[in-house]
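Contents: one structure, followed by commentary.
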Amino acid sequence: MHESHLQCEELIRNLEAGIFRWSLDSNSQVLFANPAFNRMLGYSDQNISHVRLKDIFKDTEEFDRLMTKISSEGRVRNEWIKIKKGDGQVIECSLNAVLAKAKDSGNLVVDGVVEDITEHKKAREGLLQAKIAAEEANSAKSMFLANMSHEVRTPMNAVIGMLDLTLDMDLTQEQRDNLMTAKEAADNLLNLLNDILDISRVESGKIKLEAIEFNLWQVIDSITKGLSVLAHKKNIKLVSRVKPNVPRLVVGDSTRLRQIIINLVNNAIKFTHEGQVEIIVDAAFALDDEVILTFSISDTGIGIPKDKQATIFDVFTQADASITRRYGGTGLGLAICKKLVEMMDGHIRIESEEGTGSTFIFSIRLKAKPDTGMPMSSAHKENEFFQRPEVSSKGLRILNILLAEDNPLNQKIAVKLLEKRGWLVTTVENGQQAVDQVAQKKFDLVLMDVQMPVLDGLQATRMIREREKISKEHIPVVAMTARAMAEDEKKCLDAGMDAYISKPIDAQKFYGTIEGVVGLPKESA
């Protein structure tokens with residue numbers, strides 16, 4: 001027993017944490033303090049006995065609060081307090097203490113452990129400041145990318161728009177070839193811009209996945225039809241096969257799933273010179289209504305060397321530097337696919353042999369609707385070529401459209417596109433003029449740029465909607481902006497706009513959006 005007592009005393013003396021016993025009477029004298037406690041406060045073993053507990057607290061109110069808490073609850077845990085040392089220096093400490101009764105006297109005492117956390121707190125505050133600085137830097141990066149996106153898309157809209165308009169004219173074959181080359185280069189530049197924005201949004205956590213019911217079979221069919229045009233140009237087949245066990249209706253983000261598949265299929269087509277590209281979808285059911293979907297995109301292309309496959313999904317990485325020179329691209333596409341797949345609680349991998357082709361396989365977890373699983377008329381469907389009908393404006397009623405656009409080039413392109421349909425166009429250069437025009441004349445539609453002087457498009461739309469509360473009429477307003485971030489579309493819709501068109505303008509989407517908002521019938525060939 002005596003030996004255990006000695007060991008306990010030795011342990012207390014050697015501990016780095018300050019251990020103390022204080023009387024709870026009016027004098028609150030130190031009854032015991034280990035060497036670490038004395039060192040922490042800067043007192044000798046003799047001087048500490050003359051120090052009152054209340055005197056070492058920087059804040060008297062803090063002392064009174066803790067004593068009240070100990071008296072009522074019998075203890076305090078992990079309290080952060082400020083203690084005055086013998087030389088007047090203030091340190092941050094963590095206090096744990098309990099109310100006890102001394103065996104020798106029967107008096108109430110406070111037994112406690114105190115640790116100097118001054119450096120720990122400084123480090124914690126340093127980490128907090130670093131976190132705040134990182135968040136501010138990330139926010140600044142996002143703002144920079146949004147602004148750069150707008151500044152790049154504005155002239156890109158003029159370039160692509162003018163190329164599209166000129167390609168509709170009577171041209172020599174040489175002129176058409178030259179313009180098509182320029183158009184392809186402009187489209188590649190736009191794709192690069194979209195990839196950079198996407199990888200930035202994914203890495204900064206700006207992309208939020210939706211959980212919306214959609215028809216998976218239709219998505220695969222639509223992708224196959226759309227990309228069959230590209231495959232046909234290279235004289236290769238694009239085949240899709242959805243196995244019968246795959247549910248028809250699932251819940252998830254169809255837009256991002258479509259983006260993954262399109263990216264992988266585009267790559268497969270780009271690196272395949274003969275043979276075919278095949279999309280296969282399989283399913284395995286997990287617990288309850290969850291389904292694990294496996295997508296395989298196989299090609300008969302150039303393949304990827306074994307030693308390059310480990311890094312193929314890294315940002316700005318391609319299998320070989322010569323790939324960039326020969327086929328173009330930045331290596332962002334696969335990195336985006338990987339991050340999106342992981343956001344869907346899945347994983348992606350590659351199987352490839354150089355010279356014989358590649359297979360990209362990714363699995364994701366989605367919710368399946370309970371009434372799904374009915375097979376299509378054919379589980380195997382091939383689409384070798386798909387051609388959309390030419391646009392025609394015959395038979396459509398004439399629309400009276402107000403165009404609010406401050407950029408002269410963008411204004412010129414939009415007017416030409418609208419007048420090709422025989423629609424009447426009134427142009428203004430800022431949001432205030434748009435509000436004034438709507439108040440004076442009747443329009444079927446307002447095409448509203450967002451970033452304009454005097455009054456921006458969001459403010460102008462809100463003012464139009466406020467006036468409509470009195471007039472009881474509703475004029476469709478469509479945002480037409482170079483700001484292409486997901487949050488930009490939300491801001492436009494929240495301001496009361498009916499739809500959103502991002503620049504550079506895609507003529508087919510442009511017309512389709514207008515027709516949908518105004519309620520015109522879709523054109524046929």
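The values are calculated or read from the model by the stated rules, or taken from the named source; none is laboratory data. Worth saying up front: this structure is predicted, and the values here are computed from it rather than measured. Because the Cβ atoms are built from the backbone with ideal geometry, glycine has one as well, and the counts that use them run over all protein chains shown.
If you go through region 110-119 one residue at a time, do you hit one that is more than 49 Å from the chain's Cα centre (by Cα), closer than 24 Å to Arg13 by Cβ and assigned by TED's automatic domain parsing to the domain that holds Arg13?
Residues of region 110-119 more than 49 Å from the chain's Cα centre (by Cα): 110-111.
Those left that are additionally closer than 24 Å to Arg13 by Cβ: 110-111.
Adding the requirement that they be assigned by TED's automatic domain parsing to the domain that holds Arg13 leaves 110-111.
Within region 110-119, one or more residues are more than 49 Å from the chain's Cα centre (by Cα), closer than 24 Å to Arg13 by Cβ and assigned by TED's automatic domain parsing to the domain that holds Arg13.
Only strands (runs of 3 or more DSSP E) wholly contained in region 341-411 count here; list those with 3 or more residues that are modelled with pLDDT of 85 or more. Lay out the reasoning, then the answer.
Values: elements: 347-353, 357-368, 380-382, 400-404.
The strands (runs of 3 or more DSSP E) meeting that bar are 347-353, 357-368, 400-404.
Here's the yes/no breakdown for (1) modelled with pLDDT under 80; (2) loosely packed, with under 12 Cβ neighbours inside 10 Å:
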{"residue": "Ala102", "(1), (2)": "no, no"}
{"residue": "Lys122", "(1), (2)": "no, yes"}
{"residue": "Ala133", "(1), (2)": "no, yes"}
{"residue": "Ser142", "(1), (2)": "yes, no"}
{"residue": "Leu145", "(1), (2)": "yes, no"}
{"residue": "His150", "(1), (2)": "yes, no"}
{"residue": "Met169", "(1), (2)": "no, yes"}
{"residue": "Leu189", "(1), (2)": "yes, no"}
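Checked against the criteria, Ser44 counts as at pLDDT below 85, surrounded by fewer than 13 Cβ atoms within 10 Å (Cβ to Cβ) and over 20 Å from His120 (Cα atoms). Scanning region 283-307 for residues that are free of Cβ contacts under 8 Å to residues at least 60 places away in the same chain and surrounded by fewer than 16 Cβ atoms within 10 Å (Cβ to Cβ) turns up Ala284, Leu287, Asp288, Pro305, Lys306, Asp307.
The set of residues in region 496-519 that are modelled with pLDDT of 90 or more, surrounded by fewer than 21 Cβ atoms within 10 Å (Cβ to Cβ) and in a loop (DSSP other than H, G, I, E, B) comprises Gly496, Asp498.
Here Glu92 meets the list (1) in contact with a helix residue (DSSP H, G or I) (Cβ under 6 Å, 6 or more places away or on another chain); (2) within 30 Å of Leu193 (Cα to Cα); (3) outside the structural domain of Lys183 (by TED's automatic domain parsing) almost entirely, failing just condition (2).
Taking Leu238 as the residue in question, decide whether it is farther than 23 Å from Gly346 by Cβ, in a strand (DSSP E or B) and either among the hydrophobic types (A, V, I, L, M, F, W, C) or in contact (Cβ under 8 Å) with a residue 24 or more places away in the chain (or both).
Details: farther than 23 Å from Gly346 by Cβ: yes; in a strand (DSSP E or B): yes; either among the hydrophobic types (A, V, I, L, M, F, W, C) or in contact (Cβ under 8 Å) with a residue 24 or more places away in the chain (or both): yes.
The answer is yes for Leu238.
Quick check, is Asn191 over 14 Å from Met343 (Cα atoms), free of Cβ contacts under 8 Å to residues at least 40 places away in the same chain, not assigned by TED's automatic domain parsing to the domain that holds Leu334 and not acidic (Asp, Glu)? Spelling it out, Asn191 is indeed over 14 Å from Met343 (Cα atoms), free of Cβ contacts under 8 Å to residues at least 40 places away in the same chain, not assigned by TED's automatic domain parsing to the domain that holds Leu334 and not acidic (Asp, Glu). Condition first: in contact (Cβ under 8 Å) with a residue 60 or more places away in the chain, assigned to a helix (DSSP H, G or I) and in contact with a strand residue (DSSP E or B) (Cβ under 8 Å, 6 or more places away or on another chain). Can you find one or more residues in region 153-164 that meet it? Yes, some residue in region 153-164 is in contact (Cβ under 8 Å) with a residue 60 or more places away in the chain, assigned to a helix (DSSP H, G or I) and in contact with a strand residue (DSSP E or B) (Cβ under 8 Å, 6 or more places away or on another chain). Filtering region 102-132 to residues that are in contact with a strand residue (DSSP E or B) (Cβ under 6 Å, 6 or more places away or on another chain) and not hydrophobic (A, V, I, L, M, F, W, C) leaves Asp111, Gly112, Glu115, Asp116, Thr118, Lys121. Tell me which residues, restricted to region 46-67, are acidic (Asp, Glu) and assigned to a helix (DSSP H, G or I). Scanning region 46-67 gives Asp55, Glu61, Glu62, Asp64.
Answer yes or no: is there a residue in region 104-116 that is on the phi > 0 side of the Ramachandran plot and surrounded by fewer than 12 Cβ atoms within 10 Å (Cβ to Cβ). Give the steps one after another, and end with the answer.
Narrowing region 104-116 to residues on the phi > 0 side of the Ramachandran plot: 106.
From what's left, surrounded by fewer than 12 Cβ atoms within 10 Å (Cβ to Cβ): 106.
Scanning region 104-116 turns up at least one residue that is on the phi > 0 side of the Ramachandran plot and surrounded by fewer than 12 Cβ atoms within 10 Å (Cβ to Cβ).
Return the residue satisfying two criteria in turn: it lies in region 293-340 and is at pLDDT 75 or above, more than 29 Å from the chain's Cα centre (by Cα) and among the charged types (D, E, K, R), and of such residues it is farthest from Val281 (Cα to Cα). The selected residue is Asp307.
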